[in-house]
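Below is one structure, written out as structure tokens; comments come after it.
The values are calculated or read from the model by the stated rules, or taken from the named source; none is laboratory data. No experiment lies behind these values; they were computed from the predicted model shown. Every residue, glycine among them, receives a Cβ derived from its backbone with ideal geometry; neighbour counts consider all protein chains shown.
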Amino acid sequence: MKKIAILGSTGSIGTQTLDVVRHNDNLQVLAISAGSNIKVLEAQAREFSPKMIAVWQEDKAAELRVMLADMDVKIVSGMEGLLELAVLENVEILVTAIVGMIGIQPTIAAIKAGKHIALANKETLVTAGHIIMPLAKEHHVDILPVDSEHSAIFQALHGEKDNKIEKLLITASGGPFRGRTKEQLADVRKEDALKHPNWAMGQKITIDSATLVNKGLEVMEAKWLFGVDLDRIQVVVQPQSIIHSMVQFEDGSVMAQLGTPDMRLPIQYALYYPNRRYLGGERLDFGKLAQITFENPDMDTFKGLPMAMQAARIGGSMPTVFNAANEKAVAKFLNNEIRFLDIYEMIGEAMAMHQCVENPTVEEILRTEEEVYQWIESRW
């Protein structure tokens, strides 16, 4: 029986992780967590009987204690609660499906406690990769990617550890606005931006896909996961979302991982690595597929990718600024406070005003995030 804990069990990745558990009788969920969605947490608790539940808001945790008074489950709250969950005894794999930089400290705690990490929290490596990867190596902990693109690369590299990578090719669907001009994006609504052509995801990551910020974050993450410098990472638009990413080796051979756009596949692969198990669902039908096409990303219109690359090349605390400004900008866009193209402007201004810290500690990373939030609120 493999025992897991999930940070962010009520979100898109968290709920799909639980669906994987439903279909595998040798997975046991020891702990779950969420921000404030206690109605869903209650249902999950009654179905999976975890030993611990972490709720970010203490008032919601108090409500949940009343709702689950008939169950033998410990309910904790705040960062202290997340840290307690991260090091829970007997947990083998921590699934970090939580959104935002709130995931950094629990991930570090879990690594120090010897837990393997099924990583779906981009911010952890984007802002603190220089801390996380050496720490995982020191504690002999596996960082198992859950993002479909990074999982594809991880799968393509299986058995290839002694062969030199020439290039990583990260695929992108292009999002809902692929092919549009800057002028056509001026007045798009959030309802339009949330209509992803292929994937069913949470709101924040769907907007990030529309701006290509998500692809920029994935490039930053890939740099740390696979130890490849930025000049050897290329983004390729593949609108059908059939090829999830590729690896080109020094002999010119390219290994690709293909599949239907189903996040349960990379989740299950991370949980059972290095083994594969049966997964129900749609299979690729090459007779019906007809074609797989490729394009270069339009980085003049969709500035999220080149801005992310700029932040990554500067390094230090700049990726934190990029990420924090984007988080704030997306929240404002979803709240109808700014226009779509203002997201890029907000990120650019935040990066321009920042005095970069070369090798930030966790405390400096979190302080930078708060400074960016405050700077944006004072000007927008």
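Inside the stretch 80-101, residues that are surrounded by fewer than 19 Cβ atoms within 10 Å (Cβ to Cβ) and either closer than 14 Å to Val55 by Cα or at pLDDT 95 or above (or both) make up a count of 7. So, Ala311, is that one buried (at least 19 other Cβ atoms within 10 Å of the Cβ), without any contact (Cβ under 8 Å) to a residue 40 or more places away in the chain and part of a helix (DSSP H, G or I) or not? Against the criterion (buried (at least 19 other Cβ atoms within 10 Å of the Cβ), without any contact (Cβ under 8 Å) to a residue 40 or more places away in the chain and part of a helix (DSSP H, G or I)), Ala311 does not qualify.
Only a single criterion out of (1) in contact with an Asp or Glu (Cβ under 9 Å, 6 or more places away or on another chain); (2) more than 16 Å from Ala210 (Cα to Cα); (3) not in a loop (DSSP other than H, G, I, E, B) is not satisfied by Phe333, namely (2).
Would it be correct to say that Ala109 is at pLDDT 95 or above and closer than 26 Å to Pro261 by Cβ? Criteria not met by Ala109.
One residue stands out in the stretch 252-280 among those that are without any contact (Cβ under 8 Å) to a residue 40 or more places away in the chain and surrounded by fewer than 11 Cβ atoms within 10 Å (Cβ to Cβ): the one that is nearest to the chain's Cα centre (by Cα), namely Asn275.
Modelled with pLDDT under 95 and in contact with a Phe, Trp or Tyr (Cβ under 9 Å, 6 or more places away or on another chain): does that describe Ile205? Taking the combined requirement at face value, the residue satisfies it.
Residues of the stretch 336-369 being assigned to a helix (DSSP H, G or I) and in contact (Cβ under 8 Å) with a residue 40 or more places away in the chain, which ones? Talk me through it step by step, then tell me what you get.
At the first step, the residues of the stretch 336-369 found to be assigned to a helix (DSSP H, G or I) are 342-353, 362-369.
Answer for the stretch 336-369, where residues must be assigned to a helix (DSSP H, G or I) and in contact (Cβ under 8 Å) with a residue 40 or more places away in the chain: Ile343, Tyr344, Ile347, Gly348, Met351, Val362, Glu364, Ile365, Leu366, Thr368, Glu369.
Just one of the numbered conditions (1) over 19 Å from the mean Cα position of the chain (by Cα); (2) surrounded by 14 or more Cβ atoms within 10 Å (Cβ to Cβ) is not true of Glu295: (2).
Yes/no matrix, rows are residues, columns are (1) touching a strand residue (DSSP E or B) at 6+ places or on another chain (Cβ under 9 Å); (2) in a helix (DSSP H, G or I); (3) in contact (Cβ under 8 Å) with a residue 60 or more places away in the chain:
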site	(1), (2), (3)
Ile6	yes, no, yes
Gln16	no, yes, yes
Ala31	yes, no, yes
Ile53	yes, no, no
Ala61	yes, yes, no
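Looking only at residues in the stretch 135-154 that are in contact with a helix residue (DSSP H, G or I) (Cβ under 7 Å, 6 or more places away or on another chain) and not hydrophobic (A, V, I, L, M, F, W, C), the one that is surrounded by the fewest Cβ atoms within 10 Å (Cβ to Cβ) is His139.
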